[in-house]
Amino acid sequence: MKKTLTTLAAALAAGLVFSPIAQAKDMYTDPDKCIAEVGALDVNGDGYVDNDEYSAYGRVETNVDTDGDGRISGDEKVVACKDGAMQALKPKS
């Protein structure tokens, strides 16, 4: 729980420092920023980002959800961000 709060606090603090445009750019070029942003989507704090939490972005992508359970785990999040797979993470219009 403490780690989740720390991650959320870091993501929120970053939002106070950078403009939304800079945040979006950083999210796609900085794996650590990506990991923090995806982690902040885990609103219920269960350690996974599921389709309910991800609904503003669409469905959890199969290239990120490597075990096919319909949610993004901590490990999947890290691998996807470091491999650039989360570059498609953009809110639906």
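Some notes on this structure:
- Hydrodynamic radius by Kirkwood, which averages 1/r over all alpha carbon pairs of the range 25-73, in angstrom: 11.2 Å
- Inter-site label distance for Arg59 and Lys82 at 7 Å from Cα along Cβ, in nm: 2.8 nm
- Förster-model FRET efficiency, 22 Å R0, Asp46 and Asp67, C-beta, rounded to 0.05: 0.90
Quick note: the coordinates plus some simple rules give every number you see, no bench work behind them. Keep in mind that this is a model prediction, so the values were computed, not measured. All Cβ positions, even for glycine, are placed from backbone atoms using ideal geometry, and neighbour counts span all protein chains on display.
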